[in-house]
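The values are calculated or read from the model by the stated rules, or taken from the named source; none is laboratory data. All values derive from a computational prediction rather than experimental measurement. As a convention, Cβ positions derive from the backbone with ideal geometry for all residues, glycine included, and neighbour counts pool all protein chains shown.
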Amino acid sequence: MTGLTPAVAIARQIWSCPRRWMLVAVVALNLVTGTTGQATTSIPPSAVVEVDQTTVNQILEVFHKADTAIAAEDLDGVMTLYATQYNYHGLKKADVRKIWFDLFKEYHDLSDVHFFSKIVKVGSGSTAIIEVTCMGSLSGLSKTGGLRVPIDSWYEEVHFLTLEGGVWRIRGNAGESPRILPFGTAPHPLF
């Protein structure tokens with residue numbers, strides 16, 4: 001990268017991945033067009049899928065139920081998708097309920113997008129975990145300002161799902177809990 005300024009070299013490295021461009025395009029499209037209450041969950045052909053089609057359908061059903069509950073601002077419907085033992089960097093199910101309550105209070109016409117790049121099963125039987133690597137975004141119309149606001153976005157986030165009561169439920173996400181979050185970042189507890 002001779003002759004390039006450090007900023008250009010870094011920008012090329014960051015944006016060289018097509019998936020990153022896809023996430024930026026989806027978020028920008030949602031914000032620019034003012035998309036209302038739409039949800040998209042998809043698995044591109046390039047995704048690594050190491051589970052059977054029945055399991056894929058069950059995982060997609062979890063996210064479709066989330067989309068429906070979010071569009072209806074159905075707090076109880078959203079919360080049924082989280083496992084009893086949900087834990088994300090110390091946030092428990094009750095914490096996430098409060099976050100969703102506040103979101104529904106502040107925003108309407110929520111839109112979410114999920115692109116799964118990898119779905120794998122770890123373990124077997126009642127202790128099996130599904131790991132879903134995902135990128136996406138969540139936005140909504142502010143009830144106070146009326147503008148579409150990006151609420152959350154994620155890249156290569158690994159969601160853990162566990163079988164509970166015969167249904168796959170969101171248990172948390174991969175990664176260790178940082179002692180201090182870098183400036184401008186926030187935890188991603190919603191999906």
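Can you tell me which residue is nearest to Leu147 (Cα to Cα) among those in the stretch 95-115 that are of a type in the set (Phe, Trp, Tyr) and outside any helix (DSSP H, G or I)?
So the residue we want is Tyr107.
Against the definition (among the charged types (D, E, K, R) and within 30 Å of Ser46 (Cα to Cα)), how does Glu131 come out, yes or no?
Against the criterion (among the charged types (D, E, K, R) and within 30 Å of Ser46 (Cα to Cα)), Glu131 qualifies.
Being hydrophobic (A, V, I, L, M, F, W, C), loosely packed, with under 13 Cβ neighbours inside 10 Å and either at pLDDT below 50 or in a helix (DSSP H, G or I) (or both) narrows it down to one of Ile59, Ile70, Ile10, so name that one.
The match here is Ile10.
Return the total of residues in the stretch 117-171 being loosely packed, with under 14 Cβ neighbours inside 10 Å and outside any strand (DSSP E or B).
Summing the residues that are loosely packed, with under 14 Cβ neighbours inside 10 Å and outside any strand (DSSP E or B) in the stretch 117-171 gives 12.
Considering the stretch 61-83 alone, what residues qualify as being within 16 Å of Leu163 (Cα to Cα) and small (Gly, Ala, Ser)?
Residue satisfying the conditions is Ala83 alone.
Looking only at the stretch 92-103, filter to residues that are surrounded by fewer than 18 Cβ atoms within 10 Å (Cβ to Cβ) and not charged (D, E, K, R); which one of those is nearest to Leu138 (Cα to Cα)?
The residue in question is Ile99.
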